[in-house]
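Asks: If you scroll down you'll find the structure; I have some questions about it.
The values are calculated or read from the model by the stated rules, or taken from the named source; none is laboratory data. Treat the numbers as computed from the prediction; the structure is a model and nothing was measured. Reconstructed Cβ throughout: ideal geometry from the backbone, glycine too, with neighbour counts over all protein chains shown.
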Amino acid sequence: MYSVLICDDSLVARKQVSKSLPEDWPVSIHFAKHGREGIMALREGKGQLLLLDLNMPIMDGYEVLQEINELNIDTKVIVISGDIQPSAHERVKELGAIDFIEKPVDANTLQEVLVKHGIRQGEVVEEEPDEDALDPDIRDCYQEITNVAMGQAGDRLARMLGVFVELPIPNVNLIEVSEMHMMLQDIEAKESVSAVCQGFIGGGVSGEALFILSDSSFDDVAKILSIKEEVDDKVQLELLMDAANILIGTCLNGLASQLDLRFSQGHPIVLGQHRSVSELISANKNKWKRTLAIELSYGLEGYNVQCDLVLLFTEESMNMMNYKLAHLLED
Amino acid sequence: MTDSAADDMTEFHWMMDMIQSIDVGIVVIDKEGRVKVWNGFMESHSGLLPSDVRDKTLFELFEEVDAEWLKNKMRPVIELRNRAFITWEQRPFLFKFRNYRPITGAEDFMYQNIILSPLTTHTGQVENISITIYDMTDVATSKKLLEATQVTLDENLERQSA
């Protein structure tokens, strides 16, 4: 079977790309969280086609392309990135990528590109344009305020923990409940991650922050937070809560100050520990359809710490946020 | 006294009354953990009077409070002006308060959810921290009961299918 490897550090982006693949295309899909993992999968023959992101921790997309050339790996590479600078397009093509698709990817564009390069036969199916897609200006705006919030948060974190924080590039997307469901099921299925969620509300804006920490990070998190005991289940829960408190708190504080709001935070809930995730979502299914998601993937320089922070805003909140951000949108 | 000053006093009075009588523990400590003030909930459950505790540290007053652990939690609150949340699942209690309900209290001790929030001065510095203590005993009891029921149910199902 034809194999497709999706290499992106963002969980949401990986889901979105895999969802955009043609439905009637019998392929085996593999995932990689960063370039190093991607190269490993390629060497195992898991990617006749590689859908590659550029900005990733550990090993970025450019380095992956270089390594593919050096190791002479047989694969076709399509870069899918939010980096829309023309120089990025040129650079990746020089490095051997066959095409470049801007994020967020949609099924139609991907199909066109696949047909164009003869990877897939067939006609381009006309798809209804997504009327509710996020306005690019608004997306930029959200991305910008998240960047600023992250900058402030990162600075405080770095000073307190004495580590260099690799600032993530926020992913801003409108996501459907079904996508959220898939993402959470992933958490449930894999025992290798732990998650905490916490509600926040204030000034007409409300939502939930979801913090996901890969279990392999625990030893290093313990080191950073100067915990000397052995890292057992109980200590892991403690570390998870500490890390969640710090990252959710700093990020929300940063956002709130820019939106000129104050958020009240509810008590955090550990997901997957005592209650199944699907149970949590299905109880809520009829209440919401789509939501604004801001996703951040963090890394700490010199440490094996991988975590994701996803902020999900309710639909109603977006009106208030757009209103608050209106001054940024004016020319 | 002017009217507005009298109004202020009245307002201050009922606000204090509310803080004193609310069924949530409120403690204000300084950066060293010395108790600045606490409310009726804390007084009742600990059995210590405000005059007994003022300017003593939590670590002196309560031997169960792990000083190093609490200081670790306080650090981000002071330095990042960030709230810290601690759930009963992670640590059943901060203060060892005995069960006070002879009939409906099923546990020996009160399970607690804790929130540490920074209190900033007018210059934006964090000099004090407020600790809020929620009684989670009933939630913990139900959760334990639910889990026990699930285990029994699973066992029964297994026996039936065997």
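Asks: For segment A:46-58, what are the residues that are buried (at least 19 other Cβ atoms within 10 Å of the Cβ) and within 15 Å of residue A:77 (Cα to Cα)?
Replies: Passing the criteria: A:46, A:47, A:49, A:50, A:51, A:52, A:53, A:54.
Asks: Given the residues B:80, B:94, which is the only one that is within 12 Å of residue B:133 (Cβ to Cβ), within 14 Å of chain A (Cβ to nearest Cβ) and not aromatic (Phe, Trp, Tyr)?
Replies: Result of the check over B:80, B:94: B:94.
Asks: I'm told residue A:267 meets every condition in (1) modelled with pLDDT of 85 or more; (2) surrounded by 15 or more Cβ atoms within 10 Å (Cβ to Cβ); (3) part of a loop (DSSP other than H, G, I, E, B); (4) away from chain B (no Cβ under 11 Å) except one. Can you identify the failing condition by its number?
Replies: (4)
Asks: Identify, by number, the condition in (1) more than 20 Å from residue A:9 (Cα to Cα); (2) surrounded by fewer than 19 Cβ atoms within 10 Å (Cβ to Cβ) that residue A:43 doesn't meet.
Replies: The failed condition is (1).
Asks: Say we look at segment B:101-127 and pick out the residues that are without any contact (Cβ under 8 Å) to a residue 40 or more places away in the chain and among the aliphatic types (A, V, I, L, M); which of these is surrounded by the most Cβ atoms within 10 Å (Cβ to Cβ)?
Replies: My answer is B:114.
Asks: Within segment B:115-130, take every residue that is part of a strand (DSSP E or B), under 17 Å from residue A:257 (Cβ atoms) and over 12 Å from the mean Cα position of the chain (by Cα) and give me the one that is nearest to the other protein chains (Cβ to nearest Cβ).
Replies: Among those residues, the one meeting the criterion is B:118.
Asks: Among the residues of segment A:222-253 satisfying the criterion of being away from every other protein chain (no Cβ under 11 Å) and in a helix (DSSP H, G or I), which is farthest from residue B:117 (Cα to Cα)?
Replies: Residue satisfying both the conditions and the ranking: A:223.
Asks: Quick one: which of B:148, B:162 is out of contact with any strand residue (DSSP E or B) (no Cβ under 6 Å at 6 or more places or on another chain) and either touching a residue at least 24 places away in the same chain (Cβ under 8 Å) or away from every other protein chain (no Cβ under 14 Å) (or both)?
Replies: Answer to the selection: B:162.
Asks: Next question, about the same structure. So which pairs qualify, if the first residue must be in segment B:24-38 and under 17 Å from residue B:81 (Cα atoms), the second must be part of a strand (DSSP E or B) and hydroxyl-bearing (Ser, Thr, Tyr), the Cβ gap must be under 6 Å, and the two must be at least 6 apart or on different chains?
Replies: Between residues of segment B:24-38 that are under 17 Å from residue B:81 (Cα atoms) and residues that are part of a strand (DSSP E or B) and hydroxyl-bearing (Ser, Thr, Tyr), the close pairs are B:28/B:130; B:33/B:57.
Asks: May I pose another question? List every residue pair whose Cβ atoms lie under 6 Å apart, where the two residues are 6 or more positions apart in sequence or sit on different chains, the first residue falls within segment A:155-177 and is facing chain B (nearest Cβ under 10 Å), and the second residue, located anywhere, is part of a strand (DSSP E or B).
Replies: A:157/A:165
Asks: Considering B:75, B:101, which residue is of a type in the set (D, E, K, R) and within 14 Å of chain A (Cβ to nearest Cβ)?
Replies: Criteria check complete, one pass: B:75.
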